[in-house]
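Take a look at the structure below.
The values are calculated or read from the model by the stated rules, or taken from the named source; none is laboratory data. Computed from a predicted structure; not experimentally measured. Cβ placement follows ideal geometry from the backbone for every residue including glycine, while neighbour counts extend to all protein chains displayed. We work out accessible area using only protein heavy atoms, side chains counted, and drop any ligands, DNA or RNA first. Shrake-Rupley method; radii C 1.70, N 1.55, O 1.52, S 1.80 Å.
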Amino acid sequence: MTEQRGRLAAYWERQLDKLDEKELARARKLPGWRDRRHRRPLAVALGAADLVLICGASVFTLVNDWVFTGLWAGSLVFGGVVFTLLRILTGRMTGSFSRLLDEREREWRHRVTFVAYQTLVWLMILALVYGLVVARAEDGGIRGAMMLSALLAAGSTLPQIVLGWSLPDDDPDDFAEGMGND
């Protein structure tokens, strides 16, 4: 049993080492954008994409299928691109293993995760209320499901929005040291 645990621990160490290498490669992307001046407009853009997604869900079955598809698909694609950029610029703090984060990054991750969790709970309550309101309407079930999925998608982007908006600028000297440009 202990031999099996030892092999499993060695496997996870190798996997984390691979993640370290990927994080180092990702850290070299977009070095000039790692400040609030570049992150804040992206955070606003991601919030706007979430709002368009929610608006698209609220008009589902009430408008032409092309209008809904344009709102929904456009918001998903645009939001996905902005979300990816914010994950790069914030060092993937919300998705990294604790071993890959320093104390400051762990503290930021815990803060934004708590805020996002609390907000997501309220968004799910809002989705429940919306579902109850439209329950007896024609296509009420699918409209409620679309709103639930839109609010869930919006809630899942909250950690990146909060980090993108509030994370302080990196110290250029620290960043240069991490890049090997001494």
Query raised in the report: Does Phe83 satisfy being under 14 Å from Leu53 (Cβ atoms) and either at pLDDT 90 or above or not hydrophobic (A, V, I, L, M, F, W, C) (or both)?
Result: yes
Query raised in the report: If Val52 passes every condition in (1) under 30 Å from Leu126 (Cα atoms); (2) at pLDDT below 80 but one, which one does it miss?
Result: (2)
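Is it the case, given these coordinates, that Arg87 is out of contact with any Gly (no Cβ under 8 Å at 6 or more places or on another chain) and of a type outside the set (Asp, Glu)? Please lay out each step first, then the result.
Values: out of contact with any Gly (no Cβ under 8 Å at 6 or more places or on another chain): no; of a type outside the set (Asp, Glu): yes.
Here the answer is no, as Arg87 does not meet what is asked.
For the stretch 131-147, give me each residue that is touching a residue at least 24 places away in the same chain (Cβ under 8 Å) and part of a helix (DSSP H, G or I). Walk me through how you get there before you give the answer.
Quick first cut of the stretch 131-147, residues touching a residue at least 24 places away in the same chain (Cβ under 8 Å) only: 138-139, 142-143, 146-147.
Those that are touching a residue at least 24 places away in the same chain (Cβ under 8 Å) and part of a helix (DSSP H, G or I): Ile142, Arg143, Met146, Met147.
Tell me the residue from Leu128, Leu101 that is out of contact with any helix residue (DSSP H, G or I) (no Cβ under 8 Å at 6 or more places or on another chain), more than 22 Å from Leu46 (Cα to Cα) and aliphatic (A, V, I, L, M), please. Before the answer, list the steps.
Working: Leu101 fails: out of contact with any helix residue (DSSP H, G or I) (no Cβ under 8 Å at 6 or more places or on another chain).
That would be Leu128, the only listed residue that is out of contact with any helix residue (DSSP H, G or I) (no Cβ under 8 Å at 6 or more places or on another chain), more than 22 Å from Leu46 (Cα to Cα) and aliphatic (A, V, I, L, M).
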**Report entry** Residue list for the stretch 63-88, filter: of a type in the set (Phe, Trp, Tyr) and either open to solvent by 70 Å² or more (accessible area, probe 1.4 Å) or under 18 Å from the mean Cα position of the chain (by Cα) (or both)
**Finding:** Trp66, Trp72, Phe78, Phe83
Query raised in the report: If you go through the stretch 99-130, how many residues are open to solvent by 50 Å² or more (accessible area, probe 1.4 Å), part of a helix (DSSP H, G or I) and at pLDDT below 80?
Result: 1
Query raised in the report: Does Ser58 meet the test of being crowded, with 20+ Cβ neighbours inside 10 Å, touching a residue at least 24 places away in the same chain (Cβ under 8 Å) and within 20 Å of Met147 (Cβ to Cβ)?
Result: no
Query raised in the report: Would the stretch 25-36 turn up any residue that is surrounded by 12 or more Cβ atoms within 10 Å (Cβ to Cβ), assigned to a helix (DSSP H, G or I) and at pLDDT 85 or above?
Result: yes
